[in-house]
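The next block holds one structure in the form of structure tokens; read it before the comments.
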Amino acid sequence: MDQKDIDALINGDSSNPKPLGEIEEDEVLKEITKDLTPNHNQAQGRVMGQISTVTEESEKGTNVVMGFLENVLTTVGEQRSFLEGISKKHQEDSACIDWHMVCAHITDISSLIEEEIYAAMDAFQFQDIGRQKLMKVMYTLGKLNEYLNELLGQETSKERQFGRHIDKKTLEKDKDKDQVDALISQFKKEHL
Amino acid sequence: MKFLVVDDSSTMRRIIKNSLKRIGYEDVVDAENGREALENLNGIDIILTDWNMPEMDGLEFVKQVRTQNKTIPILMVTTNAAKDDIVEALKNGVNNYIVKPFTPETLKEKVETVLKG
């Protein structure tokens, strides 16, 4: 039922062929599913497309922010080189002792800024983890689509790559490192 | 020392390249998948590859590399953390393994480990 039909029903429009009580169950089901059944591939494609767009846009957005952070790193690096150059130039000049202290202080602050920016860039790993989680959703939808297509005799969708156990993945860094290292050591003992 | 970073995520490639730069490795080339990486193997000293990629995944890429080069160090950097996955990667010629998300310290440690042999 579209809005026109609903309005007609509410307003008691005489063009509506049957009163509500006389509509058969099959007709109601047909009415509800009429927009889904013929175009289910299109609907599935829309969902996949939307998820894909979300992952692509978040990747693009992350890269834009990373680009800004890299620009800051470059500027901080240039500032450090400039100060180091001046310090070297006046290394022997004892009258410039305060200036040397200022340079050393600004250089230390520059290092702290660089550390923070690198940490911020590392934190963007969440984007890849999130992307792979969404890809697993897409994979699952794709498999469901394949199953339904097989049932209905339609073509299959292509295989997608995603992290195998990505659904339980957290953003905690190096969570599995010790376990992985132990496994690698054991493997090397047994095989090499 | 020339690095090849293979990952379908441009964000991850950038993070790894920046981390390598930070620990003193500036000569880094990258590829989006195994197929593209195979075309860029000339002059490479060490490979860092993801596992889950379109076109050609990391495991298939490692297998292909090992048919032509038995010694080049390969570090797999992936979300796959299951024991079976790690063992499968090692059996196919991966030298060491990093699970995402990781810290720059781990990347440094693992790179140094595989470079030492």
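Ranked for footprinting exposure by Cβ neighbours inside 10 Å, fewest first, B:105, B:112 give B:112, B:105.
Listed from fewest to most Cβ neighbours within 10 Å, the set A:99, B:51 follows the order A:99, B:51. Once the range B:3-116 is represented by equal point scatterers at the alpha-carbon sites, with solvent omitted, what log10 I(q)/I(0) does the Debye formula produce at q = 0.11, 0.15, 0.20, 0.21 Å⁻¹? For the range B:3-116, the Cα-only Debye profile gives -0.29, -0.55, -1.06, -1.20. Scanning residues 5 or more positions from residue B:30 or on other chains, those with amide H under 5 Å from its amide H are B:5, with H placed 1.01 Å from N in the peptide plane.
Among the lysines of the range B:3-116, pairs at least eight places apart or on separate chains and with Cα atoms under 16 Å apart come to 13. Applying a DSSP loop filter and a limit of 10 other Cβ atoms within 10 Å to the trypsin sites (Lys or Arg not before Pro) in the range B:1-99 leaves B:70. The calculated FRET efficiency for the pair residue A:108 and residue B:1, based on their C-beta separation and a Förster distance of 25 Å, comes to about 0.30.
Read-outs throughout are calculated quantities, based only on the coordinates presented, and are distinct from any laboratory measurement. Just so it is clear, the model here is predicted, and its values are computed rather than measured. Don't worry about glycine lacking a Cβ; one is built from the backbone with ideal geometry, like all the others, and counts go over all protein chains shown.
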